[in-house]
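The values are calculated or read from the model by the stated rules, or taken from the named source; none is laboratory data. Predicted, not measured: the structure shown is a model, and the values here were computed from it. Neighbour counts are summed over all protein chains in view; Cβ atoms, including those assigned to glycine, are modelled from backbone coordinates with ideal geometry.
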Amino acid sequence: MSPVIITPPPAPPPVDPGSDAPPTLTITYYRQLAAHLMSALDEISAIIPRLGESVVLRTGVETKPPSGHHNIPLVFLSTAVDSVEQLPELQVVKKLDVNRGRDSLQLIDAFRTVQNRASAFGKDLGQVLDARQSALALESLDTYAVAQSLDRDKSNAALSEAVENMRRALGRAPRKKKVTDPEVDPALVPVSTVTAPSTQAGKG
């Protein structure tokens, strides 16, 4: 098997000596790095042996790869392969190809570790992305709250527009102003609604 050559990752763009901004703030760098990793994953994926779109059984019948039965213990699969290899009676029924069975067992044994490592990488990557998004979300919400507080008098049109844009992007409805009951002139209140004072006097 020819060795796989993976090109080195792209270098981040240079940063001005007087700037404290990290080079990773450049969006195009992350795009290039992500594209590089995707290319590397494509090269790695090409190495993994595949069953293909269909499987040809020993009977000559072509069928789709079987699904399910992933919970069958590997020790049972190995025992079944050994049994067919040792017993001519089981070889005659042609239900199991010994060579392909052993090849599958070797592949599973070798690549299960790769699968676990890839799953761990995916979990770590997800945690990094979630952490960066959560941190930015907290800063953005704080900024939105401050902008709303500064925009109470609506004297800055640019600030009001920014608050509206953030509100719309966040998907929250604008705050409704509380409606206060208007002052009512007592003279206009109907007599029937006025509670009359009690006229009952206590007996001495």
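Worth pointing out:
- Scan the range 109-152 for residues that are farther than 20 Å from ASN165 by Cβ, of a type in the set (S, T, N, Q) and over 16 Å from the mean Cα position of the chain (by Cα) and the total you get is 3.
- Given (1) at pLDDT below 85; (2) over 24 Å from the mean Cα position of the chain (by Cα); (3) exposed (fewer than 12 other Cβ atoms within 10 Å of the Cβ), number of the condition ILE27 does not satisfy: (2)
- Applying a threshold of 6 Å to beta carbon distances and a minimum spacing of six or more residues, or different chains, the list of pairs starting in the range 135-151 at a residue that is at negative phi and part of a helix (DSSP H, G or I) and ending at one that is surrounded by 10 or more Cβ atoms within 10 Å (Cβ to Cβ) and of a type in the set (Val, Ile, Thr) reads ALA147/VAL163; GLN148/VAL163.
- Per-region count, the range 67-87, residues assigned to a helix (DSSP H, G or I) and free of Cβ contacts under 8 Å to residues at least 12 places away in the same chain: 6
- Qualifying residue in the range 120-137 (condition: touching a helix residue (DSSP H, G or I) at 6+ places or on another chain (Cβ under 9 Å) and either of a type in the set (D, E, K, R) or surrounded by 10 or more Cβ atoms within 10 Å (Cβ to Cβ) (or both)): no
- Residue that is surrounded by the fewest Cβ atoms within 10 Å (Cβ to Cβ), among those in the range 67-93 that are closer than 17 Å to ASP109 by Cβ and among the aliphatic types (A, V, I, L, M): VAL75
- Screening LEU96, LEU107, LEU90 for residues that are at negative phi, in a helix (DSSP H, G or I) and either in contact with a Leu (Cβ under 7 Å, 6 or more places away or on another chain) or modelled with pLDDT of 90 or more (or both) leaves exactly one candidate, LEU90.
- Evaluating PRO49 against the criteria (1) within 28 Å of THR7 (Cα to Cα); (2) modelled with pLDDT of 90 or more leaves one unmet condition, (2).
- Qualifying residue in the range 160-168 (condition: under 30 Å from ILE44 (Cα atoms) and either in contact with a Lys or Arg (Cβ under 7 Å, 6 or more places away or on another chain) or modelled with pLDDT of 95 or more (or both)): no
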